[in-house]
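Scroll down for the structure; my scribbles are underneath it.
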Amino acid sequence: MKRTVWLLAFLAFFSLAFAQQKAEDIIKVQCEKAPVVAELWHGFRGGAPRAALDNLAVEFNKMHEGEGCVRPINQGGYRDLSTKIKAAFAAGNLPALAQAFENNIALYIEADALMPLDGVISNLDQLNPLFVNAVRFNGKLYGLPFNKSVLILYYNRDLLNKHGLPVPKTLDEFISTAKKISAAEGQPVYWFRPDTSTFSYWFFNMGGSYVHDGKIVVNSPEAVKALETMVSGVKDGWAKAITSGYINQNFGKGVFGFSTDTSAGYSYYLKAAKFDLGIATLPGNDGKPGLGLVQGTDLIIFQDVDEAQKKLAGEFINFVSSPKAQALFSAATGYVPVNLKAVDEPALQDYLMDNPDFKVVIEQANYAAFEPAIAEWEQIRFDILGQAIKEAVLGKATPKEALDKAQKQVEDLMAGRIR
Ligand code: FGO
């Protein structure tokens, strides 16, 4: 029995790696013959997102044989990607296409590096207006929402059944359910990464906002309360901070009950879970789902490449945002279909029939929240706010102390005093 499981796991892994290699090899051949090559720098290290992106490129290149090819190139994780793009500004070797968060777009606009996409995106009126709005800066479009995720609730259905408890619908119910099960199991069952993404769940749903009177504020009363909830969860034994790797990489190291994590983790969670994995809209307030942070990226086109590459890049963004491409990409990965017509596609209809849970991702996208789209935000969310969250969760400072210090750093940064 054990051997069979191992064999199956090995075969599944091998076939994925093999499929990935195959798509990459096909693209290599496609691009060797192509008169125009548009590079697409991305932050997908592997797994279903990378395979799905490569598959889209293979299909696009087939349709444009003799004309040109798009070549996805992984640059590490998302932050490595933005670091490499900043270096490419100086080196003058920018790609035609890249993934970017909205705050990256704000920064690249300051460098006058981006091609406006008004008149380029042919599917515009089919795209989710929330996502489109987020890529509009000073009235102009600078990105194509591509792989946009939303925070959802992941839960262990076996564990809830064992304890005879329903899926929590409100913040209070969430905490009391996590407390009850944790007490009965003798260990914390709400798992979270002590970072800005998890923090955003508690922060937004406790009424928090990062912008007050045009200023970035990370130490508001709501922020302190959100961080105190995470810290007290750990102290009171109902929450566990996962300090290394993704949550799905930690299954097997204790009893997993819940997490509030990106919908793009769905394929990874499904693969890793040895329990009946459930997903639900986030516990919220007043009978409504909670607000879920939107993550994932948009596709951008850099100005400083030749016209033939820009034209091909424009065709690529239209291809990947079509209803069919979005249906396939979403079903394979857990990203929200950015094209509202994708749900009518047979590929997504079939997927929803087999996986009715997936409706959750589509429903949660109606309760979405964004972080500020300002050029400094990436540094703030990782090096300032992210550090403060870690310090407080690891007990090195109280939530208030950590966030007050972070606020001072934010103000120094915004005043141009630190880099
Ligand atoms: C990730 C990061 C940002 C910004 C948010 C920003 C930069 C967060 C968060 C920091 O595409 P999403 O939803 O999910 C990612 C997807 C592809 O890699 O799959 C998720 N994944 C991957 C492997 C795995 O084992 N499990 C799994 O869930 C992966 O998270 O993006 C969410 C996680 C983080 O990267 O640690 O977006 N994020 N805002 N990053 N640079 N800048 O402004």
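Can you tell me which of ASP236, ASP286, ASP276, ASP306 is away from the ligand (no atom under 16 Å from the Cβ), assigned by TED's automatic domain parsing to the domain that holds LEU56 and not polar (S, T, N, Q)?
ASP306
I need the full set of residues from region 139-186 which are closer than 30 Å to ALA373 by Cβ, surrounded by fewer than 21 Cβ atoms within 10 Å (Cβ to Cβ) and in contact with a Phe, Trp or Tyr (Cβ under 9 Å, 6 or more places away or on another chain), in order please.
LEU171
Test ALA91 against the criterion of being farther than 25 Å from LYS33 by Cα and more than 10 Å from the ligand (Cβ to nearest atom), and give yes or no.
Yes, satisfied.
Search region 248-270 for residues being free of Cβ contacts under 8 Å to residues at least 60 places away in the same chain and within 12 Å of the ligand (Cβ to nearest atom), and hand back the single one that is surrounded by the most Cβ atoms within 10 Å (Cβ to Cβ).
Out of the qualifying residues, it is ASN248.
Any residue at all in region 262-269 that is within 22 Å of the chain's Cα centre (by Cα) and of a type in the set (A, V, I, L, M)? So that I can check it myself, show each step before the final result.
At the first step, the residues of region 262-269 found to be within 22 Å of the chain's Cα centre (by Cα) are 262-269.
Filter once more, so that each one left must be of a type in the set (A, V, I, L, M): 264.
Yes, region 262-269 has at least one match.
When region 45-73 is examined, which residues are found to be within 16 Å of the ligand (Cβ to nearest atom) and open to solvent by 50 Å² or more (accessible area, probe 1.4 Å)? Give the steps one after another, and end with the answer.
Keep residues of region 45-73 that are within 16 Å of the ligand (Cβ to nearest atom), which gives 45-56, 72-73.
Result: ARG45, ASN55.
Looking at LYS84, LYS148, can you tell me which residue is within 12 Å of the ligand (Cβ to nearest atom) and within 20 Å of ALA342 (Cα to Cα)?
Among LYS84, LYS148, only LYS148 is within 12 Å of the ligand (Cβ to nearest atom) and within 20 Å of ALA342 (Cα to Cα).
Scanning region 80-129 for residues that are at negative phi, in contact (Cβ under 8 Å) with a residue 24 or more places away in the chain and of a type in the set (D, E, K, R), which turns out surrounded by the fewest Cβ atoms within 10 Å (Cβ to Cβ)?
GLU110
Residues of region 151-200 being within 16 Å of the ligand (Cβ to nearest atom) and assigned to a loop (DSSP other than H, G, I, E, B), which ones?
If the condition is that a residue be within 16 Å of the ligand (Cβ to nearest atom) and assigned to a loop (DSSP other than H, G, I, E, B), then ARG193, PRO194, ASP195 are the ones that fit.
Please tell me if VAL189 is open to solvent by 10 Å² or more (accessible area, probe 1.4 Å) and within 19 Å of GLY257 (Cβ to Cβ).
Taking the combined requirement at face value, the residue does not satisfy it.
The values are calculated or read from the model by the stated rules, or taken from the named source; none is laboratory data. Note that the structure is predicted; figures quoted are calculated from it, not measured. Cβ coordinates were reconstructed from backbone atoms using ideal geometry, including for glycine residues, and neighbour counts include every protein chain displayed. Note: accessible area is taken over every heavy atom of the protein model, side chains too, but ligands, DNA and RNA are not part of it. Shrake-Rupley method; radii C 1.70, N 1.55, O 1.52, S 1.80 Å.
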